[in-house]
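Below is one structure, written out as structure tokens; the observations come after it.
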Amino acid sequence: MARLAAVQNEQSVVLPFLSFFSHGKRHTLLGDNRNRSFLDAQALARLAAVPLFARRPMVGGVSGMHASPHRGSSVEFAEYRRYVPGDDLRRLDWRAYGRTDRYYVKEFEADTNLRLCLVVDTSGSMGFGSGDVSKIEYARRLAGSLAYLAVQQGDAVGLTCMGADIVRDLPPRRTPSHLRGLNDILENTTPEGDTGLVERLHQFAETTRARALVVIISDLFVNPPHLREAFDHLRFRKHDVSVFHLMDPQEISFDFRRPTRFVDLEGGVSLFADPSEIMDRYQQAMVDYLAEVRKIVLETGVDYHRCGLDGDYEQALFDFLVRRNTGRGGR
């Protein structure tokens, strides 16, 4: 899929979606002694008041605050089951025995830690921003903040940056010092090249076998049917999938007024057009595309958040955290 830039008055304006029609403060934070322009300590302090929960049972390595598919030691009672030879006698419920003259064992829910896998799209279209913030900068703020919040509550976090290929891949770890390397990758990542998001998500699903919360941050400029297949693959592997869909206001409004040359950001063809002649069809194509994406995420059970670059990233993260608290799934 081509990503196009519009050239007007010797200035380039990126307009990635046209392909669908045509075919600060600085703060030092936990575990990191460097100043990061995409991290705001005050915003993180406010967001930390809302825990990050998984919607599906996780399989972690240590005790934590997230539901596990296995039984274990917890304060939350799960169920009774019949005693079988070899069970720990300390778990027998003698009151149940007194009532029924049968041996029953109490089982409790097990709680574990979370693996948060951040997947950041670094294709060429992520360099666009018609305002003060580009998509890649917005993605850095989302990913950096989520990584900090996860490590702060004792969860493991990893990062995968992917364009046509997987550019950088950092396995999940739960130590504060791990954040420094993760933030270095975010800070130094530059958007370039064609998108290979769907192929890389399939690869990610095949190589990441342990259940994880997978947060995808992308403009999702891929064919929606292919996107559905990638989401289905991730869900088949029992991952909890969330998507932050980044859109620039200009991609929605298409507010061009004069003949414009649209240049492919990822090395394809350019297109010279009068916006007044293509605006209606472009906007209809955008409506159809967003409707199809919405249908896909509903049918695949993906936690979907559309973010405009003119919106507050802190509010987007707050909404994400609150929805996950109110919509926590059962074991």
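Quick one: in the range 283-309, of everything that is under 23 Å from Ser134 (Cα atoms) and touching a Leu at 6+ places or on another chain (Cβ under 7 Å), which residue is surrounded by the fewest Cβ atoms within 10 Å (Cβ to Cβ)?
Among those residues, the one meeting the criterion is Val293.
Do we have Gly193 as surrounded by fewer than 20 Cβ atoms within 10 Å (Cβ to Cβ) and assigned to a loop (DSSP other than H, G, I, E, B) here? Explain how you work it out, then say what you get.
Details: surrounded by fewer than 20 Cβ atoms within 10 Å (Cβ to Cβ): yes; assigned to a loop (DSSP other than H, G, I, E, B): yes.
In short, yes.
Determine whether Leu220 is assigned by TED's automatic domain parsing to the domain that holds Asp310, part of a loop (DSSP other than H, G, I, E, B) and in contact with a strand residue (DSSP E or B) (Cβ under 6 Å, 6 or more places away or on another chain). Working first, answer last.
Working: assigned by TED's automatic domain parsing to the domain that holds Asp310: yes; part of a loop (DSSP other than H, G, I, E, B): yes; in contact with a strand residue (DSSP E or B) (Cβ under 6 Å, 6 or more places away or on another chain): yes.
Considered against the rule, which asks whether it is assigned by TED's automatic domain parsing to the domain that holds Asp310, part of a loop (DSSP other than H, G, I, E, B) and in contact with a strand residue (DSSP E or B) (Cβ under 6 Å, 6 or more places away or on another chain), Leu220 comes out as yes.
Arg211 - would you say it is at negative phi, surrounded by fewer than 21 Cβ atoms within 10 Å (Cβ to Cβ) and in the same structural domain as Leu149 (by TED's automatic domain parsing)? Reasoning before the result, please.
Working: at negative phi: yes; surrounded by fewer than 21 Cβ atoms within 10 Å (Cβ to Cβ): no; in the same structural domain as Leu149 (by TED's automatic domain parsing): yes.
Criteria not met by Arg211.
For (1) among the basic types (Lys, Arg); (2) surrounded by 17 or more Cβ atoms within 10 Å (Cβ to Cβ); (3) not assigned by TED's automatic domain parsing to the domain that holds Val214, each residue gets a yes or a no:
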| site | (1), (2), (3) |
| --- | --- |
| Leu149 | no, yes, no |
| Ala164 | no, yes, no |
| Asp169 | no, no, no |
| Thr175 | no, no, no |
| Gly181 | no, no, no |
| Asp184 | no, no, no |
| Arg200 | yes, yes, no |
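State all residues of the range 151-162 that are in a helix (DSSP H, G or I) and crowded, with 22+ Cβ neighbours inside 10 Å; if no residue qualifies, say none. Lay out the reasoning, then the answer.
We begin by selecting, within the range 151-162, every residue in a helix (DSSP H, G or I); these are 151-152.
Of everything in the range 151-162, just one residue is in a helix (DSSP H, G or I) and crowded, with 22+ Cβ neighbours inside 10 Å, namely Val151.
Suppose we filter the range 123-144 for residues that are assigned to a helix (DSSP H, G or I) and touching a Leu at 6+ places or on another chain (Cβ under 6 Å); how many remain?
Within the range 123-144, the first condition is being assigned to a helix (DSSP H, G or I), and the residues that meet it are 124-127, 135-144.
Pick out the ones that are also touching a Leu at 6+ places or on another chain (Cβ under 6 Å) and you get 124-125, 135, 138, 140, 143-144.
Selection size over the range 123-144: 7.
Tell me yes or no: at least one residue of the range 134-153 is at pLDDT below 90 and either of a type outside the set (Val, Ile, Thr) or under 20 Å from Arg306 (Cβ atoms) (or both).
Looking for residues that are at pLDDT below 90 and either of a type outside the set (Val, Ile, Thr) or under 20 Å from Arg306 (Cβ atoms) (or both), one finds at least one in the range 134-153, hence yes.
Could you please let me know if Ser218 is polar (S, T, N, Q) and either exposed (fewer than 15 other Cβ atoms within 10 Å of the Cβ) or on the phi > 0 side of the Ramachandran plot (or both)?
Working: polar (S, T, N, Q): yes; either exposed (fewer than 15 other Cβ atoms within 10 Å of the Cβ) or on the phi > 0 side of the Ramachandran plot (or both): no.
Judged against the criteria, Ser218 is not a match.
Given the criteria touching a helix residue (DSSP H, G or I) at 6+ places or on another chain (Cβ under 9 Å), at pLDDT below 90 and more than 22 Å from Tyr313 (Cβ to Cβ), does Arg173 qualify?
On the way: touching a helix residue (DSSP H, G or I) at 6+ places or on another chain (Cβ under 9 Å): yes; at pLDDT below 90: yes; more than 22 Å from Tyr313 (Cβ to Cβ): yes.
Spelling it out, Arg173 is indeed touching a helix residue (DSSP H, G or I) at 6+ places or on another chain (Cβ under 9 Å), at pLDDT below 90 and more than 22 Å from Tyr313 (Cβ to Cβ).
Condition first: assigned to a loop (DSSP other than H, G, I, E, B), surrounded by fewer than 22 Cβ atoms within 10 Å (Cβ to Cβ) and in the same structural domain as Phe128 (by TED's automatic domain parsing). Can you find one or more residues in the range 231-239 that meet it? Give the steps one after another, and end with the answer.
Initial filter on the range 231-239 (assigned to a loop (DSSP other than H, G, I, E, B)): 237-239.
Still in the running and surrounded by fewer than 22 Cβ atoms within 10 Å (Cβ to Cβ): 237-238.
When the remaining residues are screened for being in the same structural domain as Phe128 (by TED's automatic domain parsing), the result is 237-238.
Yes, that holds for at least one residue.
Starting from residues that are surrounded by fewer than 17 Cβ atoms within 10 Å (Cβ to Cβ) and among the hydroxyl-bearing types (Ser, Thr, Tyr), keep the ones in the range 267-282 and report whichever is nearest to Phe254 (Cα to Cα).
Per the stated criteria, the residue is Ser276.
Being more than 23 Å from Phe128 (Cβ to Cβ), within 23 Å of the chain's Cα centre (by Cα) and modelled with pLDDT under 95 is the requirement here; does Arg235 meet it? Show your work before the answer.
On the way: more than 23 Å from Phe128 (Cβ to Cβ): yes; within 23 Å of the chain's Cα centre (by Cα): yes; modelled with pLDDT under 95: yes.
For Arg235, the condition - more than 23 Å from Phe128 (Cβ to Cβ), within 23 Å of the chain's Cα centre (by Cα) and modelled with pLDDT under 95 - is met.
Working only within the range 83-126, note down all residues that are at pLDDT 85 or above, in contact with a helix residue (DSSP H, G or I) (Cβ under 6 Å, 6 or more places away or on another chain) and not β-branched (Val, Ile, Thr).
Listed by number, the residues that qualify are Leu116, Leu118, Asp121, Met126.
The values are calculated or read from the model by the stated rules, or taken from the named source; none is laboratory data. Since this is a predicted model, take the numbers as computed values, not measurements. Virtual Cβ from ideal backbone geometry, glycine too; neighbours counted across all protein chains shown.
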